[in-house]
Amino acid sequence: MSQIEYSVIIPVYRSAPYLKELIARTVATFGQMGKSCEIICVVDGSPDNSWSILKEIKQQGDTPLSLINLSKNVGQHRALLCGLSFSKGKAAILLDADLQTPPEEAVKLIDEYEKNAPDVVYGIYSSKKHPLWRNLGSKFLGWLLHKFGHFNRKGSSFKLLDRTIIDNICRVGVGYIFIDEIMAWFTSNISYVEVEHHENKDGKSTYSLFSLIKMTLQIILNYTTIPLRLMTIGGSVSGLVCIFIGIFFIYRKLVFNVQLGFTATIVVICFGLSIILFCLGIIGEYIRRLYFLQISKPPFTIKEMIE
């Protein structure tokens, strides 16, 4: 059997209406290019009938399709990690299942990869068809990771990864997986090509506002030192404030012989105690994450696999 040139990794969650068209167009795209490919669909605990539809597609013919059904929902990036760990191509293309990024745009990623040999090629959307709040949230998160992490601020979920980067990502042992930040640990040889981005056909995103906020907090805690820096700054500022408050009341006592008030004492105690408890909460969160890392909790569990 000849070497597979490209692996297409597709995380699947509530994507049943799109799967037949998505896979047919992906196969046709690689056929027109004359490139060999494998398509790996990772069903991320999807509550709809995505798994049944994929098995039906697999049974119908010669589609180069591998199917992985996870035991529970673990999130998009862990599902991608699962797909990457089973990929065999010299490079992998990460593609969403909702058809907002047309699979035909993979041609642009491959052209750039074969022409200039970067480690990563990002498909950058000329016009991103997401709600305004989601676009603003993505920009804010990108800024945070650029400022306090390794991420280079420009990116998208549609990208191509060279085999060396795939192998490095699969070897990393971290509790929370965020592919873009991990990838930036290993390379700065990154290219960008402009690609199309279409409206979501049913107008709904698989990400709710709550899940996006939760993901942002997870990324901040796992890939930046922002909370620890806040502890340092907050502790320093509160310490200085307490010192000045103390000096102020000592001055009043010495110069004006004013009796030190019960209210002032309570205010100082409560202020200092709140800062201490806040810092202890952050330390506790990091200890909890170190605990889960130490017990080597698997990032995903496979329920069923069809190759």
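Some notes on this structure:
- Selected residue (only one of Gly234, Gly239 is under 30 Å from Thr216 (Cβ atoms), assigned to a helix (DSSP H, G or I) and at pLDDT below 70): Gly239
- Here region 145-162 is the region considered, the condition is being within 12 Å of the chain's Cα centre (by Cα), in a loop (DSSP other than H, G, I, E, B) and at pLDDT 60 or above, and the residue that is surrounded by the most Cβ atoms within 10 Å (Cβ to Cβ) is Gly155.
- Residue match in region 27-45 (condition: in contact (Cβ under 8 Å) with a residue 40 or more places away in the chain and of a type in the set (Ser, Thr, Tyr)): yes
- Every residue from region 85-105 that is open to solvent by less than 10 Å² (accessible area, probe 1.4 Å) and either of a type in the set (Gly, Ala, Ser) or not in a loop (DSSP other than H, G, I, E, B) (or both): Gly89, Ala91, Ala92, Ile93, Leu94, Ala97, Pro103
- Scan of region 40-62 for residues that are part of a helix (DSSP H, G or I), open to solvent by 40 Å² or more (accessible area, probe 1.4 Å) and not polar (S, T, N, Q), ordered by number: Lys55, Glu56, Lys58
- Residue check, Lys58 among the charged types (D, E, K, R) and touching a Leu at 6+ places or on another chain (Cβ under 8 Å): yes
- Ile219 surrounded by 12 or more Cβ atoms within 10 Å (Cβ to Cβ), at pLDDT 70 or above, touching a Leu at 6+ places or on another chain (Cβ under 8 Å) and under 30 Å from Ile68 (Cα atoms): yes
The values are calculated or read from the model by the stated rules, or taken from the named source; none is laboratory data. Bear in mind that the values here come from a model prediction, so they are computed numbers and not experimental data. Neighbour counts are summed over all protein chains in view; Cβ atoms, including those assigned to glycine, are modelled from backbone coordinates with ideal geometry. SASA here: full protein model, heavy atoms, side chains in, ligands and nucleic acids out. Shrake-Rupley method; radii C 1.70, N 1.55, O 1.52, S 1.80 Å.
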